[in-house]
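The values are calculated or read from the model by the stated rules, or taken from the named source; none is laboratory data. On a predicted model such as this, the values are computed, not experimentally measured, just so you know. Reconstructed Cβ throughout: ideal geometry from the backbone, glycine too, with neighbour counts over all protein chains shown. With ligands, DNA and RNA removed, areas are computed over all heavy atoms of the protein, side chains included. Shrake-Rupley method; radii C 1.70, N 1.55, O 1.52, S 1.80 Å.
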Amino acid sequence: MFDRRLLQCFDWGLLVLTLSIGAMGLVVLYSAVSAGAIEPDFLLFRKQLIWYGGGIGVMVFCFLFDYKQFERFANLIYLASVGSLAAVLFFGKYVGGSRRWLSIGPFSLQPSEMAKVAVIIVLARYFAKLINTDGLTLRDLMVPAFLTAVPFALIVRQPDLGTAMVIALIAGAMTLFAKIERRAFIWLVATFTLLVPLVWFFLRGYQKQRILTFLNPDRDPLGAGYHIIQSKIAIGSGMLTGKGFLKGTQNALSFLPEQHTDFIFSVLAEEWGLMGSLSVVILFLLIIAWGLSIAGRCRDPFGTILSVGVTAMIAWQVVINIGMVMGLMPVVGVTLPFVSYGGSSIITMMIGIGLLMNVSMRRFKFE
Amino acid sequence: MTNYLDNVDSDWFGKRLSAALTVVIAVFVVLIARLLFLQVIEGEELRRLSEINSIRLKSVEAPRGLIYDTHNRLMADNRPSYDLSIIVKDANPLERTIEKLSRYANIDEAQLWDSLEKAKGTRAYKPVLLKPDIGRDALAAIEVNRWDLPGILVNVSPRRDYIFSPSSAHLLGYMGEISVEELKNKIYSDCKSGDFIGKYGIERTREHWLRGKRGGQQVEVNATGQVVRVLSTVDAIPGHNIVLSIDQSLQLTAEQLLADKSGAAVAVDPSSGQILAMASSPSFDQNAFISGMSHDTWNALISDPLHPLENKAIQAEYPPASTYKIIVAAAGLEEGVIDVNTSFFCPGFLKFGNRTYRCWKKWGHGEVDVLKALTESCDVYFYQVGQELGVDRLAWYARAFGLGEPTGVDLDHESGGLIPTAQWKKNRMGVSWQKGETLSVAIGQGFNLATPLQMALVAAAVGNGGTRYRPMIVKTIRTADGQTIFESVPEVIGRLPVSEKNLRLVREGLFKAVNDRHGTAWGSRLDGVAMCGKTGTAQVVGRRDDEGDGGSEGEPIKDHAWFVAYAPREDPRIAVAVIVEHGEHGSSAAAPVAAEMIRFYLSGGQPKSDAPLAVAPASSAEGD
């Protein structure tokens, strides 16, 4: 099955891009965990290294066999994912008021992260069958809407609004890419406009607070409002060249909340300045462009849409996370791909890269 | 159309991808523009802000809800605790600061370094708790020398203070630092490590109401970490106040009566099920838990053979002994095994099979009817009633009186006691029920076990004419500003399966047990109050092998003394159960305690009159 010719098509460029951003991420994580501690605890850093090792293994696994296999088993992958999301609601462990983690032996995973990939695969399979130049009708959209709504609802229940939102946005991006019929499109826009006030009612207190706080950070002087202000100070104070490795005072002062996960970009921008933050933003842009070019070179609708979905996942998270820490968006718990601390996040992103590599490697086999 | 898409020359996907890339680039342009704005245009200003960044967050602890007795006497209060912390970054030089702090505040230097050592990994700008609750003297010394102690902070936080401790210790419970396990629990989701939460008693069962919501402040600090300005405040929300049904005076009375003894006393209001007092002896000092207990104190508490940490009123199970005869008499009457006229002859023993079952009165009670049996607690009479009823019918009645299962009182670790049936024994021990065992059960011995609270509720239900109420301890819950958010109402959970006529007969027997010259509790009768009650003496099965009449080695283990009572005779206002471990006889050890509690309560808290109540002479004490 594994052909030497495939190796010649191996996407070294994507690998180099991924590993460079991963390496930069580790450097920043090192800063974040040692931030101003009397005696730093490198446990998180070591764990992240292990996750990266595992992530590379998973990535290799994801491109070893033809991505067509993912199309074949799409439904199974999706059902397993929904099953694990249901399981987390019953058996998941509580951390800070929400149930997101499922323990498997010594490891804890967030099924909601994996659900992103499952939704991408199942939607790619569905759209690949229906796609046409006229666009999809409302009736065509019922199934993908349902396929997205189930994991979405389960993740909102945990509650983890950030991840649920990312899933919805990925599905939306994939659907837009597959093209929606003009009439259906107008309908959808109208419905969403009406739906927004309704959704407001279903948001939890703290979720509403976050949105209100975003609009007016002074509302929550001890929480998000404070965090946004401190994060902006951190980023800005990095100026052109940054304060230097391990020299970030905002980071050290622990003015940054969740500095190793959601707010890690602020640590980067503070210590490495525009130089560092711009490099990372441009690396992300390159990865996204690379993903789209893989989609463009693929000669099979499933492969194309799959690549678009994975790229959309990376793009949304980058934009939301960086936008959030710079005060352009509400504070929602979305990680920065390849940089934020978190096993599930790393594994999911590496699966995504593995899928992109898979499509990239097999682009000629189709003919 | 699909054909077109499958065509290698199709550029449909290509066009859409170009559009997607355009959108992505547009968004990234916005991100990069924002970066430039923050890091280049605003960079200098933000750099300056970061250098003088003196805005810190300070959390403000919420005062915990207070606990009052039924007459609004404060039982659990909050007092200010001065907690000593250090911000390592500001404490420059660290060694000198610690050394001076130790000198000023008179705290062992090694202890301070110890706390710092434990806080390894904490960020240098975060306060590290050095010593909680340093006391006013140390506080004054630190305040005076503040200029000489950079980075040293003293935070004031509310701390629990149990006003009557060790009184009501088992009831109110105590607090302790939240454990790692508890932190994972959803009900503690708003807690953080280091928080104090209720660990036992009302503090634990009503944690949810008592715990307030933490607030906080955004403050500006100066170079040494002292607050110079409060920028904004989110107020802490205090916890809810709880009013208990406990009458603290009665509680103290009961505890004094049990002092130097091991045992428990429970008083309930028969007309509502509200618990008026619940004493367990010996007790412990709750405040010691709050200020941090030494290892030795803790070990002494848990290894004490008298189990001071156990609430004997609900956690300890004892054979109900002769107090159980109330139920046997009611069951016998109700099942028609006996009636008011049925009498047996008591020669002081009953031969059953090849064994002899003794009555506590060696020379016998002579002709005994049900009234006399209750009055004088004749074992032989109840052997025969029990034998005719059989163990399973007896068990059915005992359960209907509320025995054999937890009462559901709002306290933790409640025991259910045990009411044996033939099936139970078969399942448990794999051996069939022996007829002779029914005889033991009929006088409340054998496998029977009950808690003092259960027996107090039996007395309450018999006294009030047969209505069983759920025992209640929380009367009202109010917000800190006095708004009532919970008001308990009596909850009827059942009726005794005994006709009014039969119940009246049983009550007559209980009246005579106290107020008849031959009654077992005659010695504890009260002037002007028609107290009804039943004594009991629970055989203690020792762990020694040579247990028995002729115990030659050492002192025999003394029996547990029981007394259950209610008063007044009609429309009783109080029902009491008292157990005194190894008190020997119910009439001499337990009945005076119960009688004094009842007298005290019904007289509205009058101190005892000069003439002390006669303590029953040993001769009239019942046996078995």
Note: among B:210, B:183, B:172, just one is surrounded by 15 or more Cβ atoms within 10 Å (Cβ to Cβ) and within 12 Å of chain A (Cβ to nearest Cβ), namely B:183
Taking region A:96-113 and keeping residues out of contact with any Leu (no Cβ under 9 Å at 6 or more places or on another chain) and not hydroxyl-bearing (Ser, Thr, Tyr) leaves A:96, A:97, A:100, A:104, A:105, A:106, A:107, A:113
All conditions in (1) at pLDDT 90 or above; (2) open to solvent by less than 20 Å² (accessible area, probe 1.4 Å); (3) not in a helix (DSSP H, G or I) are true of residue B:364 except (1)
Practice problem: Evaluate region B:422-433: report whether one residue or more is among the hydroxyl-bearing types (Ser, Thr, Tyr), touching a helix residue (DSSP H, G or I) at 6+ places or on another chain (Cβ under 9 Å) and buried (at least 18 other Cβ atoms within 10 Å of the Cβ). | Solution: no
Q | Condition check for residue A:31: in a helix (DSSP H, G or I), modelled with pLDDT under 90 and either within 20 Å of the chain's Cα centre (by Cα) or not hydrophobic (A, V, I, L, M, F, W, C) (or both) | A | yes
Checking A:134, A:160 in turn, the sole residue that is charged (D, E, K, R) and in contact with a helix residue (DSSP H, G or I) (Cβ under 8 Å, 6 or more places away or on another chain) turns out to be A:160
Taking first residues from region B:516-528 that are touching a residue at least 60 places away in the same chain (Cβ under 8 Å) and second residues anywhere that are of a type in the set (A, V, I, L, M) and in a loop (DSSP other than H, G, I, E, B), the pairs with Cβ under 7 Å that are 6 or more apart or on different chains are B:522/B:616; B:523/B:614; B:523/B:615; B:523/B:616; B:524/B:613; B:524/B:616; B:525/B:531
Contact list, first residue from region B:20-39 and over 17 Å from residue A:320 (Cβ atoms), second anywhere and open to solvent by 50 Å² or more (accessible area, probe 1.4 Å) and in a helix (DSSP H, G or I), beta-carbon distance below 7 Å, six or more apart or interchain, is B:38/A:232
Practice item. Return yes when residue B:380 is touching a strand residue (DSSP E or B) at 6+ places or on another chain (Cβ under 8 Å) and either in contact (Cβ under 8 Å) with a residue 40 or more places away in the chain or not polar (S, T, N, Q) (or both) and no when it is not. Key: yes
Exception for residue B:71 within (1) open to solvent by 30 Å² or more (accessible area, probe 1.4 Å); (2) assigned to a helix (DSSP H, G or I) falls at (2)
In region B:455-469, anything open to solvent by less than 20 Å² (accessible area, probe 1.4 Å) and touching a residue at least 60 places away in the same chain (Cβ under 8 Å) is listed as B:455, B:456, B:458, B:459, B:460, B:461, B:462, B:463
For residue B:198, state whether it is free of Cβ contacts under 8 Å to residues at least 60 places away in the same chain and either under 19 Å from residue B:68 (Cα atoms) or surrounded by 18 or more Cβ atoms within 10 Å (Cβ to Cβ) (or both).
yes
**Prompt:** What about residue A:145, is it within 14 Å of another protein chain (Cβ to nearest Cβ) and closer than 20 Å to residue A:313 by Cα?
**Reply:** no
* Examine region B:58-68 for a residue that is under 17 Å from residue A:230 (Cα atoms), in contact with a strand residue (DSSP E or B) (Cβ under 6 Å, 6 or more places away or on another chain) and surrounded by fewer than 20 Cβ atoms within 10 Å (Cβ to Cβ), and state whether such a residue exists. => yes
- Do we have any residue at all in region A:290-306 that's under 25 Å from residue A:29 (Cα atoms), over 13 Å from the mean Cα position of the chain (by Cα), touching a residue at least 12 places away in the same chain (Cβ under 8 Å) and more than 9 Å from every other protein chain (Cβ to nearest Cβ)? no
Pairs returned, first residue in region B:479-508 that is under 15 Å from residue B:273 (Cα atoms) and assigned by TED's automatic domain parsing to the domain that holds residue B:338, second residue that is assigned to a helix (DSSP H, G or I) and open to solvent by less than 40 Å² (accessible area, probe 1.4 Å), beta-carbon separation under 6 angstrom, 6 or more apart or interchain, are B:496/B:461
By residue number, the members of region B:341-369 that are closer than 15 Å to residue B:520 by Cβ and hydrophobic (A, V, I, L, M, F, W, C) are B:346, B:359, B:360, B:368
Among B:77, B:83, the single one that is at pLDDT 85 or above, open to solvent by less than 30 Å² (accessible area, probe 1.4 Å) and closer than 30 Å to residue B:210 by Cβ is B:83
Picked from region A:318-333 (must be aliphatic (A, V, I, L, M) and not in a helix (DSSP H, G or I)), the residue surrounded by the most Cβ atoms within 10 Å (Cβ to Cβ) is A:331
From the option list B:371, B:350, single residue qualifying as over 39 Å from the mean Cα position of the chain (by Cα), in the same structural domain as residue B:502 (by TED's automatic domain parsing) and surrounded by 18 or more Cβ atoms within 10 Å (Cβ to Cβ) is B:350
Per the filter on region B:516-541, residues among the polar types (S, T, N, Q) and either open to solvent by less than 10 Å² (accessible area, probe 1.4 Å) or not assigned by TED's automatic domain parsing to the domain that holds residue B:457 (or both) are B:520, B:524, B:535, B:537
Restricted to region B:30-53 and to residues being at the interface with chain A (Cβ under 7 Å from one of its Cβ atoms) and of a type in the set (Gly, Ala, Ser), the residue nearest to residue A:240 (Cα to Cα) is B:43
Being modelled with pLDDT of 85 or more, surrounded by fewer than 23 Cβ atoms within 10 Å (Cβ to Cβ) and within 10 Å of chain B (Cβ to nearest Cβ) narrows A:282, A:233, A:229, A:186 down to just A:282
Of the residues in region B:587-624, those that are modelled with pLDDT under 50 and open to solvent by less than 30 Å² (accessible area, probe 1.4 Å) number 4
In region A:157-199, residues that are farther than 17 Å from residue B:20 by Cα, aromatic (Phe, Trp, Tyr) and within 24 Å of the chain's Cα centre (by Cα) total 1
Per the filter on region B:455-505, residues part of a strand (DSSP E or B) and within 20 Å of residue B:271 (Cβ to Cβ) are B:467, B:468, B:469, B:472, B:474, B:475, B:476, B:487, B:492, B:493, B:494, B:495
Restricting region B:302-344 to residues that are in contact with a strand residue (DSSP E or B) (Cβ under 8 Å, 6 or more places away or on another chain) and among the small types (Gly, Ala, Ser), the one farthest from residue B:393 (Cα to Cα) turns out to be B:313
